[in-house]
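Right, one structure below, let's go through it.
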Amino acid sequence: QSIHDEGLILWILGLLKEHTLHPDSIVFQIDDKNIRKHIEENKAFINNLRKIKVRFAIDNFNMDKQASSMLENCKSDFIKLRGDVMENLASNAVNQTLLKTATGLAEENEIQIIAKSVEDAATLAVLWGSGIDYIQGIFLQEPMAELNYDFSADED
């Protein structure tokens with residue numbers, strides 16, 4: 001329902017200014033199914049996010065016949081592949097084909113691609129040279145009970 005709220009973009013912009021955050025440090029994420037269900041509303045919302053320089057990701061990106069068309073209509077900065085694409089990736093030819101198709105589509109549309117649910121070294125090895133831009137999953141870092149990462153350490 002929030003994408004129908006015409007004041008949402010102004011509210012986001014106000015918060016960015018109030019907290020002195022650079023807009024491209026924020027990435028809004030909407031699930032692929034929700035985008036497809038309300039394509040026109042999401043297209044307008046994404047265009048408004050772009051106007052204020054906030055980035056956007058499509059989560060659980062579905063590689064089907066409409067994938068290319070959806071990316072043309074809802075130009076995102078990132079696509080996050082469905083977690084099941086990573087299952088047994090090292091030995092699953094179907095998932096490897098989906099991965100290759102997704103990375104090609106992302107490159108073609110100048111979109112960065114995120115592999116989530118990376119749980120083992122074999123999956124990471126396949127992803128290493130695949131064209132994936134980012135990786136998420138418990139193989140890299142298990143979930144923590146609290147957010148305690150020291151971001152200031154990255155400033156050096």
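The values are calculated or read from the model by the stated rules, or taken from the named source; none is laboratory data. Given the structure is predicted, the values throughout are model-derived calculations rather than measurements. Here Cβ is always computed from backbone atoms with ideal geometry, including for glycine, and neighbour counts include all displayed protein chains. All accessible areas refer to the heavy atoms of the entire protein, side chains included, with ligands and DNA or RNA removed. Shrake-Rupley method; radii C 1.70, N 1.55, O 1.52, S 1.80 Å.
Tabulated results
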{"item": "Largest to smallest principal axis extent of the C-alpha atoms in the stretch 54-139, angstrom", "result": "35, 27, 19"}
{"item": "Once exposed loop GluC sites (Glu not before Pro) are cut out (DSSP; at most 14 other Cβ, 10 Å), longest piece of the chain", "result": "7-86"}
{"item": "Ellipticity estimate at 222 nm from DSSP helix runs (n ≥ 4, -39,500 (n - 2.57)) divided over the chain, nearest 500", "result": "-11500 deg cm²/dmol"}
{"item": "Three semi-axes of the equivalent ellipsoid, the chain, Cα gyration tensor, whole Å, largest first", "result": "28, 22, 13"}
{"item": "Rounded accessible area of Lys51 (nearest 10 Å², 1.4 Å probe)", "result": "150 Å²"}
{"item": "Out-of-range pairs (alpha-carbon distance over 24 Å; input Lys75/Lys116; Lys43/Lys100; Lys33/Lys100; Lys53/Lys75; Lys43/Lys65; Lys53/Lys100)", "result": "Lys43/Lys100; Lys53/Lys100"}
{"item": "C-alpha long axis of helix 39-51 to longest principal axis of the chain, angle in °", "result": "70 degrees"}
